[in-house]
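Participant: Structure below; questions to follow.
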Amino acid sequence: MQDHELLVAEVERLGGKVNNNDNRTAEAFRKMARLELLMQQNFSSIRHSLNDAIERSRHRLDLLEAKLDQSKTDLQQDMSSKISALQGDLSQSKADVASIKSGIRVSHIC
C-alpha cells in the first residue's frame, strides 16, 4: 500500500499524471491493508480469549482434581473407621456368644 502511494507521488513529482484507475487501485490497496489489519487484530483478540479460557479451564480442572482427591481420602478414612467399628462389634459379639455358651453349659450342668 505505501509502496504504491510512494510510486504515485514519485510519478506526480516527475510531472506524470495518475489516472482514476490508478487512484481506485490505490484505494483498493488501502482498503485491503485495513481489512488485513482488522483481521490480524481480530485473530489476536480471539487467540487471547481462547488462551484465557484455556487457563480458566485448567484452573477449574485443578480445583476439581483437588476436590476429588479430598473426597477419596475422606471416603477411605470413613470406610476405615466403619470397618474398625464393625470389627470391634464383631469381637464383642463373639465374646458375648462365648459367654452365653459358657453360661448355658454351666446352667445345663447344674
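The values are calculated or read from the model by the stated rules, or taken from the named source; none is laboratory data. If you're wondering where the values come from, they're calculated on a predicted model, not measured in any experiment. Quick reminder, even Gly has a Cβ in these numbers, built from the backbone with ideal geometry, and neighbours come from all protein chains shown.
Participant: Can you run down the residue pairs with Cβ atoms below 9 Å, 6 or more apart or on separate chains, where the first is in region 47-58 and at negative phi and surrounded by 10 or more Cβ atoms within 10 Å (Cβ to Cβ) and the partner is outside any helix (DSSP H, G or I) and of a type in the set (Phe, Trp, Tyr)?
Facilitator: Here the result reads none, with nothing in region 47-58 linked to a residue that is outside any helix (DSSP H, G or I) and of a type in the set (Phe, Trp, Tyr).
Participant: If you check Ala28 against the conditions, is it assigned to a helix (DSSP H, G or I), surrounded by 10 or more Cβ atoms within 10 Å (Cβ to Cβ) and at pLDDT below 90?
Facilitator: It is true that Ala28 is assigned to a helix (DSSP H, G or I), surrounded by 10 or more Cβ atoms within 10 Å (Cβ to Cβ) and at pLDDT below 90.
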